[in-house]
Structures are given as structure tokens and as C-alpha cells.
Amino acid sequence: MDNLNVNKHISGQFNAELDHVRNQIMAMGGLVEQQLIDALSLLNRPDAELVNKVIKTDGKVNSFEVDIDEECTRIIAKRQPAASDLRIVMAVIKTIADLERIGDAAESIARMVERNMDKPIKASLVSLEHLGRHTAKMLHDVLDAFARMDVDIAWKVHQEDRKVDKEYERLIRELMTYMMEDPRSIPQVLDALTAARAIERVGDRCQNIAEYIIYFVRGKDIRHLAGDEVEKLL
């Protein structure tokens, strides 16, 4: 917690509350990361038991979000934090919302696989898996950045989303071509498109979390700044 400057807080209890929130969000992040990894593995190896695990995990992720959100609300009400103290609480609240949505994306992939259990998706599977690995790496890195409040790692993750977007666009073109060449593949291609969109949104969520980290550390909202302007802040 040194990176959060908690040693500067007057209230020792406040420090303990922030430390507990940090531990909770890292536990939530680890759960979501494993959920995403499991969901992506289903694209290559459909497995009913693993599908069920991914879907059930989403309930645990939702519970984490509710608990952490309530704790942050209590902290704001009791401590009335200002400046960087308030920024970290707000960063946590926004981060858990994005982590919950990443969990939703993993669940969406699992349910798509469940619908196609007897006819596994083959359309552009290699590209779909590569996109998934790319976003899973982004999630791992942004959680690492959050744990240490490291703006350098956060900025690298932020920039990775552009690569994910380009990769997603290429995949969409592949899927469209596949569908035109073989109209019988349309139902499967539509499901592959759903999975691709869910995976692409994971990258967006990771980019959001990177922005919250930079906001906390530098006190600047970078959402509408050009790349060179952001780099001056880092």
C-alpha cells in the first residue's frame, strides 16, 4: 500500500480500510482473470463442466463487486476523503465495475460455447484464440499495474487496446468472408462474432482501468487527451 501513500493518512483505521479494499479488489481481479482464461480455453476444447464453472464464477464476481462497492460507500460516508484519498476510492469503484463486465464477457463466451457444444465453432478459431490471449495479457498486466499503481505499465496497457481493435477488425473481415463463402456456416459465424465482440470489449475494459490508475497517480483524466499529451504527464 506504500504506492497509495497511505503512510500519509492521519487515520490508522482509514489505512486499514483502504488496505482491505485493495486486497479485495486484487482477489476479485484474480477471480476474473481465471474466469476469462477458462472461458477462452473453451473455444478450443468445449467442456460442459468448465462451462458451468465459468458461469457460476460470474455470481462470485458479482458478489465481490457489491461488497467492495458497499465498503467504498462506507469509507466515503465515514471518512469524507479528499484529494488523492478520494481519487483512490473512486478508482476502485470504477475498476470493480469494469472487472464485473469482464466477468460478464467471460460468461457470454461460455454460454455461446454451451449453445454449440455439439457443433464446436471452427470459423477463424485461430484468430479468435489469438485475440483472446492478447486481451487476457492486457488484463493480467493492468491488474499488476493496479496492485503497484504503476503508471508506466498502465500506459502500455492503454496503448495495447489499439492493437486489439485492429486485430478485432481483421477477425471480423475473416468471419464475413467465411460466411459469404459458405452460407451454411452463418449460425456458427454469428456466434463467433458474439465471442469476438465480447473479447474485444475486455480490451476496452482494461484500457479503462489503466486510465483510472493514471488518474489516481497523476490526478489527470486522460480519456480525451492525445498520446503525446499523456506521455508528458507520466
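Rule-based calculations on the coordinates, nothing more; no lab input. These numbers come from a predicted model, not from an experiment. Cβ atoms come from the backbone with ideal geometry, glycine included; neighbour counts cover every protein chain shown.
Taken along the Cα-to-beta-carbon direction at a fixed 7 Å, the label points for Lys137 and Ser84 span 3.2 nm. Note on the range 138-194 and the range 6-82: Cα centroid distance 23 Å, given to the nearest whole angstrom. The gain in end-to-end length when the Asp19 to Ile186 segment is fully stretched comes to 55.1 nm, 0.36 nm per residue minus the alpha carbon separation. Pairs spanning more than 19 Å between alpha-carbon atoms, out of Lys137/Lys166; Lys122/Lys166; Lys137/Lys163; Lys156/Lys220: Lys122/Lys166. Within the same chain, lysines fewer than 8 places from Lys60 are excluded, and of the rest, those with a Cα less than 20 Å from its Cα are Lys94. In plain terms, the chain from Arg173 to Arg218 could stretch by 12.3 nm, reckoned as 0.36 nm per residue minus the Cα-Cα distance. Site pair Met117 and Ser63 shows an inter-label distance of 2.4 nm when each label is modelled 7 Å from Cα along Cα→Cβ.
What percent of all Cα-Cα pairs in the chain falls in each 5 Å bin, counting up from 0? Values per bin, smallest distances first: 1, 7, 14, 16, 17, 14, 11, 8, 6, 3, 2, 1, 0, 0. The calculated 222 nm mean residue ellipticity attributable to helices in the chain amounts to -29500 deg cm²/dmol, summing -39500 (n - 2.57) over DSSP H runs of n ≥ 4 and dividing by all residues. Stretched out straight at 0.36 nm per residue, the stretch from Asp47 to Arg74 would grow longer than its current Cα-Cα span by 5.6 nm. For the range 105-181, the gyration tensor built on C-alpha atoms gives an oblate shape. Its axis ratio a/c (a ≥ b ≥ c) is at least 1.5, and a/b is not larger than b/c.
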